[in-house]
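Have a look at the structure below before the remarks.
We did not get these values from a lab; they are worked out from the coordinates using the rules stated. As the structure is a prediction and not an experimental result, all values here were calculated from the model. For neighbour counting, all protein chains shown are included, and Cβ atoms are generated from backbone atoms with ideal geometry for every residue, glycine included.
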Protein chains: 2
Amino acid sequence: MSVTAAQGFTAAGIAAGIKANGNPDLALVVNHGPRLAAAGVFTSNRVKAAPVHWSEQVLRGGAVGAVVLNSGGANACTGPKGFQDTHATAEKVADVLGADFNAGEIAVASTGLIGVLLPMDKLLPGIETAAAALSADGGEAAAIAIKTTDTVHKTATASVGGWTVGGMAKGAGMLAPGLATMLVVLTTDADVDGATLDKALRSATRTTFDRVDSDGCMSTNDTVLLLASGASGVVPAYAEFAEAVRSVCDDLARQLIGDAEGASKDIRIEVVGAASEDDAVEVGRSIARNNLLKCAIHGEDPNWGRVLSAIGTTRAAFDPDRLNVAINGVWVCKNGSVGEDRDLVSMKDREVRITADLATGTESAVIWANDLTAEYVHENSAYSS
Amino acid sequence: MSVTAAQGFTAAGIAAGIKANGNPDLALVVNHGPRLAAAGVFTSNRVKAAPVHWSEQVLRGGAVGAVVLNSGGANACTGPKGFQDTHATAEKVADVLGADFNAGEIAVASTGLIGVLLPMDKLLPGIETAAAALSADGGEAAAIAIKTTDTVHKTATASVGGWTVGGMAKGAGMLAPGLATMLVVLTTDADVDGATLDKALRSATRTTFDRVDSDGCMSTNDTVLLLASGASGVVPAYAEFAEAVRSVCDDLARQLIGDAEGASKDIRIEVVGAASEDDAVEVGRSIARNNLLKCAIHGEDPNWGRVLSAIGTTRAAFDPDRLNVAINGVWVCKNGSVGEDRDLVSMKDREVRITADLATGTESAVIWANDLTAEYVHENSAYSS
């Protein structure tokens, strides 16, 4: 049920004509309160899209009444005109939603090709259409409207003790920590203030979206928002609420990896025996980004030497002669050298599990990645995206 | 003329049966003096192959009488037995070359699949065959014997004022700074001591092999050796000698990029206007490793947004709103936004030039990279390498 699973929210997704092919490309999510609490995390790319700059400011204000999202154009690297367009988009949403909303409470998110101005002559009328289509079961349509190269729309929900966290996500390429090319909107009817939302959201994204690495490329537009309406009237225990937010983020992150551009394998990289969690994450990301290993996994080749060569490029604490690597449970590398027979490894399933044991400490981390395929090359070379 | 262009060297390349397909796989280069001066640089990967550990020790001794190189197996991640095999290889070379040589003066280099022991029953007899084939025009055969997935062998020579620097290189994948998957042997008959060789070699590799980034993957086996026989009797001026070494390294590095696995484009990335050379190199490498950009260039799509998103992931000094990017001379991005018409960019040629202007300072650097193609994926997924 996506962003309308929680009480107090309406949503819509429509085709405004931003995409040349006529597919849905504009989504609107509205918080009807009583609370308008919100939190957000954004890309750590220093080249940020206009809507990211805008929404960061909106979040500082503390209240988010609505989120408008478009696919079909990232509005990144578009200069002052791009920022004016984002501003005009927020003003238009505030106008059509009526007296209860002002532009400073409207978050904006965009996704699509970088370096192209949005067709405002289509986007602004589209906002009127979307506002007219708002409904308490519009979450699905909104999730569909934010797709770019996604083959399926992504939603997740967790319901606990009278309150709900629901969400939608898009993202299929340019997926790398900090964050990925993703737009995510989460909503909840739990009665939670902004500071608590912020804490729960940062804690959740740190171990979910931030540990997804499809292709090592960090986007200019990543936005993850969490809005609370308080409509359930229930004030949840923090731990319970944080876990619900984490579980929805984890579910959506896993769906992003499962639908990554051209991928034929989902790779679960677990680094164990690390001296610190930072070491485990650094090693996991290095493995996740090794093109040669990603190709080998595509070819169902348990080429553990490429895992070791990736580990060797990091600054993590380890002794090369004590490293162990398992692929799908077979310890093909022991003590930095040949281990169990690699022919014992079956890699037929879509999910491939790599375990890298640094044999140094007790910390661990899991990173999800994809294989590298000819289809990925085709999707990203045959046309601009 | 490769490693035998300089006086005082003989070389050979033969098929020892290490490669299953019967292609040449063993090369020997011998320095007949009067000097046995040498310098070397090795991979900065912390997971190092046995021959790298061995040859680093040999270099510390200061004298290198011969280099034995094999393709068909990297002897990396092979534990104590792998190191024993490298030691035995050096002992065998010293034995067959006679009383003037000892094992501690024999450098060893290997390339091929990681995690597999070398077939010593073939390698050791191969050394006898290679020694018998040594000749003053064996440089070409040696260059051929070190190929792995290289489609052509690579040699270069510079002759200046009575002395010569010549060399051979292999490398087609796992090419990334620090160094790439490359084996390089350079020889000179200039009369130069070890310290001078070391200075000239480090200076040369810093701006040549270390600025080649085919696929972002750093190898366990990279070795670049420079041997001096002094046979010309000429002591060159340092600047002249360093420039000759640099020009041969540059030529070989360019050949590596031109023959990278599956590549259809050679990408020259020049970062200008940087606050420091380190900033320029960091930005250049980030652009060089962006898979989405590499795909776009394969598709002849001047997708400058992907250049900006790559720059944005670095710590270099820049203002996103002042960045400029040219592709093949057309400034498609100005001041962080849309610049000249991208339709003016022609990308038909194999060489593609990207200029990224950080508009912050006066430093610059050039990094060479390749596009990402379905052929790269095929070469690295269809079989173990």
field: Per-residue HN-Hα couplings for the stretch A:59-68 [Karplus 6.51, -1.76, 1.60; θ = phi - 60°; Hz; x = Gly/Pro]
entry: 4, 4, x, x, 10, 10, x, 7, 10, 10
field: Label geometry 7 Å along the beta-carbon vector: A:Val152 inter-copy distances in nm
entry: 4.8
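Between beta-carbons, use under 15 Å as the cut-off and find the net charge around B:Glu105, counting Lys and Arg +1, Asp and Glu -1. Please list the in-between numbers first.
On the way: positive: B:Arg35, B:Arg60, B:Lys92; negative: B:Glu56, B:Glu91, B:Asp95, B:Asp100.
Local charge sum for B:Glu105: -1.
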message: Run the label-point distances for A:Glu128 please: 7 Å along Cα to Cβ, every other copy, nanometres, shortest first.
response: 9.3
- prompt: For the stretch A:231-343, what's the relative contact order in percent, using C-alpha pairs closer than 8 Å and at least 6 residues apart?
  reply: 15
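Please compute, for peptide A:114-121, the average count of beta-carbon atoms on other protein chains lying within 10 Å of each residue's beta-carbon.
Values: counts 8, 14, 2, 2, 0, 0, 0, 0.
Mean shielding by partner chains, rounded to a whole number: 3.
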- request: Anything over 29 Å Cα to Cα? Flag those among B:Lys122/B:Lys147; A:Lys334/B:Lys199; A:Lys170/A:Lys348; A:Lys334/B:Lys154; B:Lys154/B:Lys294; B:Lys19/B:Lys294, in the order listed.
  value: A:Lys334/B:Lys199; A:Lys334/B:Lys154; B:Lys19/B:Lys294
- prompt: Other chains near B:299-306: what is the mean number of their Cβ atoms within 10 Å of each residue's Cβ?
  reply: 6
task: Using only the Cα atoms of chain B, each taken as one equal point scatterer with no solvent, compute I(q) by the Debye sum, divide by I(0), and report log10 of the ratio at q = 0.07, 0.12, 0.15 Å⁻¹.
output: -0.32, -0.87, -1.21
field: Zone of B:Ala317's modelled label, taken as backbone nitrogen in the stretch B:346-369 under 20 Å from a point 7 Å along Cα→Cβ
entry: B:356-366
- request: Find, among the chymotrypsin sites (Phe, Trp or Tyr not before Pro) in the stretch B:199-296, those assigned to loop by DSSP (not H, G, I, E, B) with at most 15 other beta-carbon atoms within 10 angstrom.
  value: none
Residues of the stretch A:121-143 with amide N under 18 Å of the 7 Å Cα→Cβ point at A:Asp95: A:121-133
- prompt: If packing is taken as the mean number of other Cβ atoms within 10 Å per residue, what is the order of B:196-202, B:316-322, highest first?
  reply: B:196-202, B:316-322
task: Return the calculated 222 nm mean residue ellipticity for the protein assembly as shown, to the nearest 500 deg cm²/dmol, obtained by summing -39500 (n - 2.57) across DSSP H runs with n ≥ 4 and dividing by the residue count.
output: -10000 deg cm²/dmol
message: Could you give each residue of the stretch B:343-351 its phi-based ³J(HN,Hα) in whole Hz, using Karplus coefficients 6.51, -1.76, 1.60 with θ = phi - 60°, and x for Gly or Pro?
response: 5, 6, 7, 9, 10, 6, 5, 5, 8
task: Find the chain B residue whose Cβ sits closest to the rotation axis that carries B onto A, and give that distance in whole Å.
output: B:Ala374, 2
query: Any idea what the relative contact order of the stretch A:287-385 is, in percent, if you count C-alpha pairs under 8 Å spaced at least 6 apart?
result: 29
- request: Enter the angle in degrees (range 0 to 90, nearest 10) between the Cα long axis of helix B:194-207 and the first principal axis of the Cα atoms of chain B, meaning the one along which they spread out most.
  value: 30
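Please label the shape of the stretch B:268-385 as rounded, prolate or oblate, based on the square roots a ≥ b ≥ c of the eigenvalues of the alpha-carbon gyration tensor (a/c under 1.5 means rounded; beyond that, a/b larger than b/c means prolate, else oblate). Don't jump to the answer; show the numbers that get you there.
Values: a/c = 2.21, a/b = 1.44, b/c = 1.54.
Since a/c reaches 1.5 but b/c is at least a/b, the shape of the stretch B:268-385 is classed as oblate.
What order, most packed first, do the peptides B:97-108, B:61-72 have when packing is the mean number of other Cβ atoms within 10 Å of each residue? Spell out each step's value before the answer.
Values: B:97-108: 17.9, B:61-72: 24.0.
The most tightly packed comes first, giving B:61-72, B:97-108.
I need the trypsin sites (Lys or Arg not before Pro) found in the stretch B:338-383, filtered to DSSP loop residues with at most 14 other beta carbons within 10 Å of theirs.
Details: sites: B:Arg342, B:Lys348, B:Arg350, B:Arg353; in loops: B:Lys348, B:Arg350.
Here the sparse-neighbourhood loop sites are B:Lys348, B:Arg350.
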task: Grab the other residues whose beta carbon is less than 14 angstrom from that of A:Val281, score K and R as +1, D and E as -1, and report the net.
output: -3
- line: Taking the label point 7 Å from Cα along the Cα-Cβ vector, the copy-to-copy distances for B:Gln57, listed from shortest in nm with one decimal, are 6.5
field: For the stretch A:81-86, 3J(HN,Hα) per residue [Karplus equation, 6.51 cos²θ - 1.76 cosθ + 1.60, θ = phi - 60°, Hz, x = Gly/Pro]
entry: 4, x, 5, 4, 5, 4
message: As I understand it, the value is the acute angle between the Cα axis of helix B:277-288 and the longest principal axis of the Cα atoms of chain B; what does it come to in degrees, rounded to 10?
response: 80
- prompt: How many partner chain Cβ atoms sit within 10 Å of a residue's Cβ in peptide A:284-296, on average, as a whole number?
  reply: 5
- prompt: Under the definition of Cα pairs under 8 Å and six or more residues apart, what whole-number percent is the relative contact order of chain A?
  reply: 18
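Taking square-rooted eigenvalues a ≥ b ≥ c of the alpha carbon gyration tensor, is the stretch B:1-50 rounded, prolate or oblate, where a/c under 1.5 means rounded and, failing that, a/b exceeding b/c means prolate? Walk me through the numbers before you get to the answer.
Numbers: a/c = 2.79, a/b = 1.13, b/c = 2.47.
Because a/c hits 1.5 or more and a/b fails to exceed b/c, the stretch B:1-50 counts as oblate.
May I ask for the net charge around A:Gly167, where only other residues with Cβ less than 9 Å from the Cβ of A:Gly167 are counted and Lys, Arg are +1 while Asp, Glu are -1? Don't jump to the answer; show the numbers that get you there.
On the way: positive: A:Lys154; negative: A:Asp251.
So the surrounding residues net to 0.
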- request: Between the alpha-carbon centers of the stretch A:113-159 and the stretch B:62-76, tell me the distance in whole angstrom.
  value: 60
